[in-house]
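One structure is given here, and the rest of the page talks about it.
The values are calculated or read from the model by the stated rules, or taken from the named source; none is laboratory data. Keep in mind the model is a prediction, meaning the values are calculated, not measured. Note that each Cβ is placed from the backbone with ideal geometry, even for glycine, and that neighbours are counted across all protein chains shown. The area values use the complete protein model at the heavy-atom level, side chains included, leaving out ligands, DNA and RNA. Shrake-Rupley method; radii C 1.70, N 1.55, O 1.52, S 1.80 Å.
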Amino acid sequence: MNIMRLTLIGLVTAAILAMSPLGTSISKAADTAQVFEEIPINFQVRRLINADIFAQYDGKDVFLPVMGIFDLLDLNIKPEMDKRRFSGYVISNKNKFRIDLDKLTVRLHGRDTPLHPSDFLLTTTDLFLRESLFGPLLGLPVTFIFADLRVVLPLDEDYPAYQKLKRAMAQKRLQQKEKELGRVKWVPYRRQLLGGCILDWSLAANPVGSKVNHFGFNLGSMLLGGDLSVSGAGNTRTGMSEDQLKLHWHYFFDYSPYLIQGEIGDVYTGGILSRTIRGGMITNRPQVQRKFFRTTRIAGRPGEGWEVELYIDRTLVDFTHTGPSGEYEFFVDANYGSSIVTLKLYGPSGEIRTEEQYIHIPYNLVPRNSIEYAIAVGAAQNQLLNSKYTQVATYYGVSNRVTVGLLTDIPLDRADAEPVSVAGEATVQLAGNLTANAGHAPGYASQVAMNFSQPSLVSIDGSLTSYRRSQYRTGPGKHDSYALSVTAPMRVAGRPISLRSYATWDRYPLRDLITINFGGTASLRKVNLYYLGKYNISRYINFSGTSFLSELFASVSFSRWLRPQFRVVYDHSKRRVASVAIFYSRRLFRTGQISFSYEREMHSNSDMFRVSLNIFTNFASFTTRVATTSRATNITQVQQGSVRYDQTGGRFMLDRYYGVGRSAMVVRPFMDDNHNGMLDKNERIVEGLRARIRGGRERPRGSNRMYYYDGLNPYAEHLVSIDPLSLDDPMLKPLYENYRVAFNPNVVTAIDVPIVMAGEASGFVHRKIVDGLTPQGGLTVVFYNLDLEIVTEVMTFSNGEFFYLGLIPGNYRAYIDSEQLDRLGYKCEPEGINFEMEAVENGAIVSNLNFVISAK
């Protein structure tokens, strides 16, 4: 509120009394010339505006500045002062208005409203309109509160000023997020010669029926700096054969363009000539699936004074403002896969434009001038002739849209004179959403595939493969194979509907098989529907046959606990219902689920009942299935889980989820008494600290409540965000709140988090007025950590006081948010205060951080 307003309330009140019938009359009748006095009033829009404006008062009514209020709300208005005309619109073009003072009319929504000369005052700088007319004539329902000299306008979230405020807040959050990501502690990747151990296990028993019990296991660990896995399977009748035991060792060298990975075991180079080889392979393929492909420039020239926001997949990633040149420019990291890039442009006169483009980069494109290779040597599996081969697959990025490949298959045993096989491949991005790839292996096969994808509209995939007879390669026995699939997500009456179809045509020497599947899903109010049609054609030399089945599946939600599912299969060839079924599942206690189903087969007049009981625990999952028909009853019991050894904590951990090949992490907070950032022997573990990490399953373990996170992708860099609010004591704070780390598979990686005793900082903010100082609430005070470049913000209370519990030890600078001061038209004394938060046992206290603000 402007400081003049407080002192002038009394003067204005006196003036009003003077202009009343008890004093000198200034305006006695409507046709008498009005006498105006300029007064300051407060203009408020909840959560948006609290500003002082100057209004005109004629002794009876208050006249508000039209252009001033439109400017505060960022509404569109075009003044023509010389012609005494004003035009524009409120929020959108649908609310256009036109004020003509010569014709004494206001046109809004295509309708003219007369204007009396006493309803307005035109000055050299603004048009003042009677307060009561803002709602009917301009669609701005303001309310004047005389006792407070205050005008209140209800918030409409479509006001351009509010939209600009939301954009500013989103942009500020983006900048704050970028600052936080810039303060990440990097944890170096650590190789382990020998460490970790995890065993995935499964048991399947058949007490009724075949009575053969099956088992399977997968053992994982770290060995010689690489990850090792050993898997096997067998049963109680035949045991486990050597073919069922498999070993695989993988080593990650480095993120280098020359050599990244090495593998021993069953390896696969990929491509049209590739076959599974038991041996070894080296490659420079990325260890983690590629993300970045290239940097793309996005630019435009809308004009000067535009605000431009860049969204990728509906997330704000950058923003800018156009300068005198009227141009904007972004450099966007184009990643593999599909992305929607959206530009939102906001003009200086309230214009809003949206531009959108779709970026699709296939994963089989190699960046320009890059070479990717894989070399494998070993014995071919399921090969009747030569048993040992060397395979080389090389791909080169000719451009960002073209990748070519050369593949060779070299037999090492030349007893039967098998020649060297060579094949070529190419991938071409014909357009942004159209990709084609082809491969040709002389004497063996040729293939062509295409993909077209338009987000939220359609996705089309098609392929053709032609095989040739080869005495050296065992093919699928086909002549040709064709495939086409179409997916079309859409919305009808606001509800999502997804349509899908898939067709294949396989040509064999003596027969043709054509399969067409089509269907879709739809969601109604309490019913989810799924339809699948299956059409098959079998053509032989002497005869052909067709079959056509329709399957309708419905899930009905009668209540929260009653959600049965129904399925009906109709045989169009026989023109009758083939089968009907009903399914029902229900949660049992907190860790179990029981399912019932009944199915009637019409062609055999048989009934089948199934009952399944699933029990989920923290150490394993147990499933019992019972199926009975008129002929037999079968019972199957399946148990599965995993056992992991935590080498850091020295404990065994049981889980129901498989974990071989995956990573795990434990957050290990400790009191860093000597402030060296390392866990020493005499420093205690702090209980209950949690973290946030994408993709991890959280679970506390042990008496000291340390949190473990399972199911993480190995070798990929993860951002681990510590949650300081999870600690019971608000004075305990982590020294770092963000960690960037890559995990080894099969082991538990400990993230040691130093915890320190934080301190308290407090002070007051006052504002200068005529009579001295008054408390100032609602200001943002910033604490800037000079050592770690960490920003902490706190708001002043109505009495001007501010305080913050939880500043970690270090050197700080306290100051009031400069953008907020500029917006309010204030300056601050002093501009900033430097202080030190010392490391003491019960936390340091820094007070008297006092500021005084005044009008510029």
Residue, least open to solvent (accessible area, probe 1.4 Å), within the range 522-531, restricted to residues that are in contact with a strand residue (DSSP E or B) (Cβ under 7 Å, 6 or more places away or on another chain) and of a type outside the set (A, V, I, L, M): S523
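Can you pull out the residues in the range 659-684 that are surrounded by 15 or more Cβ atoms within 10 Å (Cβ to Cβ), more than 30 Å from S231 (Cβ to Cβ) and of a type in the set (A, V, I, L, M, F, W, C)?
Matches in the range 659-684: V667, F670, M671, L679.
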Would you confirm, using the coordinates I've provided, whether T296 is touching a Phe, Trp or Tyr at 6+ places or on another chain (Cβ under 8 Å), surrounded by fewer than 18 Cβ atoms within 10 Å (Cβ to Cβ), at pLDDT 80 or above and not in a loop (DSSP other than H, G, I, E, B)? no
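Is the range 576-588 home to any residue that is at negative phi, β-branched (V, I, T) and modelled with pLDDT under 90? Give the steps one after another, and end with the answer.
From the range 576-588, those at negative phi are 576-588; that's our starting set.
Okay, now just the ones that are also β-branched (V, I, T), so 577, 580, 582.
From what is left, the residues that are modelled with pLDDT under 90 are none.
Among the residues of the range 576-588, not one is at negative phi, β-branched (V, I, T) and modelled with pLDDT under 90, which makes the answer no.
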Out of curiosity, is E687 surrounded by fewer than 17 Cβ atoms within 10 Å (Cβ to Cβ) and assigned to a strand (DSSP E or B)? no
Given the options G432, G519, name the one that is under 21 Å from Y363 (Cα atoms), small (G, A, S) and surrounded by 14 or more Cβ atoms within 10 Å (Cβ to Cβ). G432
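Do any strands (runs of 3 or more DSSP E) entirely within the range 720-804 hold 3 or more residues that are modelled with pLDDT under 90, touching a strand residue (DSSP E or B) at 6+ places or on another chain (Cβ under 6 Å) and among the β-branched types (V, I, T), and if so, which? Before the answer, list the steps.
Values: elements: 732-734, 738-742, 748-757, 759-769, 772-775, 780-785, 790-795.
So the answer is none; nothing clears 3.
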Of a type outside the set (D, E, K, R) and touching a Cys at 6+ places or on another chain (Cβ under 6 Å): is that true of I816 in this structure? yes
Please enumerate the residues belonging to the range 517-542 that are hydrophobic (A, V, I, L, M, F, W, C) and either touching a residue at least 40 places away in the same chain (Cβ under 8 Å) or not in a strand (DSSP E or B) (or both). L524, I541
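Go through the range 97-111 residue by residue and tally those that are assigned to a strand (DSSP E or B) and open to solvent by less than 90 Å² (accessible area, probe 1.4 Å). Can you show your working first?
Let us first name the residues in the range 97-111 that are assigned to a strand (DSSP E or B), namely 97-100, 105-108, 111.
Keeping just the survivors that are open to solvent by less than 90 Å² (accessible area, probe 1.4 Å) gives 97, 99-100, 105-106, 108.
Residues that pass the stated criteria total 6.
If you take the residues in the range 348-376 that are touching an Asp or Glu at 6+ places or on another chain (Cβ under 8 Å) and touching a residue at least 40 places away in the same chain (Cβ under 8 Å), which one is least open to solvent (accessible area, probe 1.4 Å)? I'd like the intermediate steps shown before the answer.
If we filter the range 348-376 for residues that are touching an Asp or Glu at 6+ places or on another chain (Cβ under 8 Å), which is where we start, we get 348, 350, 366.
Narrowing the set further to residues that are touching a residue at least 40 places away in the same chain (Cβ under 8 Å) leaves 348, 350.
Numbers: P348: 87, G350: 28 Å².
This residue is G350.
Restricting attention to the range 601-628, and to residues there that are within 42 Å of the chain's Cα centre (by Cα) and of a type in the set (V, I, T), which single residue is nearest to R644 (Cα to Cα)?
T617
Being open to solvent by less than 30 Å² (accessible area, probe 1.4 Å) and not in a strand (DSSP E or B), is that true of even one residue in the range 390-401?
We begin by selecting, within the range 390-401, every residue open to solvent by less than 30 Å² (accessible area, probe 1.4 Å); these are 390-391, 393, 397.
Now drop any that are not not in a strand (DSSP E or B), which leaves none.
Scanning the range 390-401, I find no residue that is open to solvent by less than 30 Å² (accessible area, probe 1.4 Å) and not in a strand (DSSP E or B), so the answer is no.
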Quick check on the range 532-575: of everything there that is open to solvent by 70 Å² or more (accessible area, probe 1.4 Å) and of a type in the set (F, W, Y), which residue is modelled with the lowest pLDDT? W561
Test F330 against the stated conditions and say whether it is of a type outside the set (S, T, Y), open to solvent by less than 50 Å² (accessible area, probe 1.4 Å) and touching a helix residue (DSSP H, G or I) at 6+ places or on another chain (Cβ under 7 Å). no
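Tell me, which strands (runs of 3 or more DSSP E) wholly within the range 577-681 include 1 or more residues that are of a type in the set (K, R) and under 30 Å from L247 (Cβ atoms)? Spell out the reasoning first.
On the way: elements: 592-601, 606-616, 621-629, 633-646, 651-655, 663-671.
Once the strands (runs of 3 or more DSSP E) in the range 577-681 are filtered for at least 1 residues that are of a type in the set (K, R) and under 30 Å from L247 (Cβ atoms), what remains is 633-646, 651-655.
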Pairs returned, first residue in the range 460-477 that is within 26 Å of L434 (Cα to Cα) and assigned to a strand (DSSP E or B), second residue that is aromatic (F, W, Y) and at pLDDT 70 or above, beta-carbon separation under 7 angstrom, 6 or more apart or interchain, are I460/F452; L464/Y482
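I'd like the full set of residues that are in a strand (DSSP E or B) and touching a residue at least 60 places away in the same chain (Cβ under 8 Å), limited to the range 232-267.
The answer is F252, D266, V267.
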Any idea which of (1) farther than 28 Å from L406 by Cα; (2) under 26 Å from the mean Cα position of the chain (by Cα); (3) not acidic (D, E) is the one G432 doesn't satisfy? (1)
Regarding S338, is this residue at pLDDT below 90, of a type outside the set (F, W, Y), part of a loop (DSSP other than H, G, I, E, B) and under 23 Å from V398 (Cβ atoms)? no
